[in-house]
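Following: one structure in structure tokens, then a few remarks.
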Amino acid sequence: MADVWPLVHAERHALVADLAGLTDEQWRTPSLCDGWTVHDVAAHLVGNAGAISVPGLVVAIIRARFSFDRLNEQDAARERGDGPAHTLRRLREVADLTEAPPFVPLDVRLVEEVVHGEDVRRPLGLRHDYPVGAVVPALEHQVRTKVSIGGGRERAAGVRLRATDADVVVGDGPEVAGPLVSLLLAVSGRSAARADLAGPGLEALG
């Protein structure tokens with residue numbers, strides 16, 4: 001699992017580089033995350049990068065009235081600061097951290113960097129080539145993790161996911177084929193990625 005961190009760090013630095021040249025208007029672009037802008041997603045990634053103790057997590061959840069959505073919004077609000085320059089600076093500062101929340105599989109870090117990276121890049125028309133070694137563990141994590149805790153197991157149930165740009169097949173059933181990253185996005189609930197996919201299992205892909 002230690003091999004995950006170099007991939008995470010590389011993706012964080014790549015996103016910083018892509019965000020560095022954005023205009024204020026681009027920072028306000030709606031992302032693939034419903035209700036969140038590019039700035040919101042970047043701030044969320046900053047808030048997620050740090051470690052939190054079990055007691056600290058319990059306190060934070062109580063303050064958020066047991067809503068993980070509210071907890072994420074509170075973290076993002078803090079890291080939005082006084083504008084994009086603040087968030088970008090903070091994103092640089094946390095890029096090389098090797099910390100994770102308690103009891104959370106490290107592959108979640110790959111899910112965050114790839115999925116949220118595309119949440120930002122696709123609406124901006126930015127292209128990025130993700131290493132297969134980062135996307136495959138993220139996809140495998142999502143198909144075995146419940147939707148209620150951020151995964152996509154129910155969406156991917158009963159279908160065979162086949163990447164058309166890599167030698168990767170996950171699951172059994174009617175086939176859904178397309179680019180590896182688009183499969184990950186669709187399983188993660190990003191409906192915009194479905195346009196990249198095809199096959200008899202597409203209708204069954206939740």
By residue number, the members of the range 4-21 that are outside any helix (DSSP H, G or I) and either touching a helix residue (DSSP H, G or I) at 6+ places or on another chain (Cβ under 6 Å) or without any contact (Cβ under 8 Å) to a residue 24 or more places away in the chain (or both) are Gly21
Here the residues within the range 98-128 that are under 13 Å from the mean Cα position of the chain (by Cα) and of a type outside the set (A, V, I, L, M, F, W, C) are Asp107, Arg109, Glu112, Glu113, His116, Gly117, Glu118, Asp119, Arg121, Arg122
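So, in the range 117-134, exactly how many residues are within 25 Å of Gly35 (Cα to Cα) and either surrounded by 20 or more Cβ atoms within 10 Å (Cβ to Cβ) or not hydrophobic (A, V, I, L, M, F, W, C) (or both)? Lay out the reasoning, then the answer.
Here is the first cut: in the range 117-134, the residues within 25 Å of Gly35 (Cα to Cα) are 117-128.
Of the ones still in play, those that are also either surrounded by 20 or more Cβ atoms within 10 Å (Cβ to Cβ) or not hydrophobic (A, V, I, L, M, F, W, C) (or both) are 117-123, 125, 127-128.
Matching residues across the range 117-134 total 10.
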Practice prompt. Scan the range 189-199 and give yes if some residue there is within 16 Å of the chain's Cα centre (by Cα) and surrounded by fewer than 17 Cβ atoms within 10 Å (Cβ to Cβ), otherwise no.
Written response: yes
Next on the checklist: Would you confirm whether or not the range 77-91 contains a residue that is surrounded by fewer than 13 Cβ atoms within 10 Å (Cβ to Cβ), in a loop (DSSP other than H, G, I, E, B) and either not aromatic (Phe, Trp, Tyr) or not assigned by TED's automatic domain parsing to the domain that holds Val41 (or both)?
Outcome noted: yes
Taking the range 172-188 and keeping only residues that are under 15 Å from Glu140 (Cβ atoms) and surrounded by fewer than 20 Cβ atoms within 10 Å (Cβ to Cβ), one is left with Asp172
Restricting attention to the range 187-206, the residues that are assigned to a helix (DSSP H, G or I) and among the aliphatic types (A, V, I, L, M) number exactly 4
Of (1) closer than 18 Å to Glu11 by Cβ; (2) at pLDDT 95 or above, Glu99 satisfies every one except (2)
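The values are calculated or read from the model by the stated rules, or taken from the named source; none is laboratory data. Note that the structure is a prediction, hence the values are computed from the model and not measured. Cβ sites come from the backbone with ideal geometry, for glycine too, and all protein chains shown count toward neighbours.
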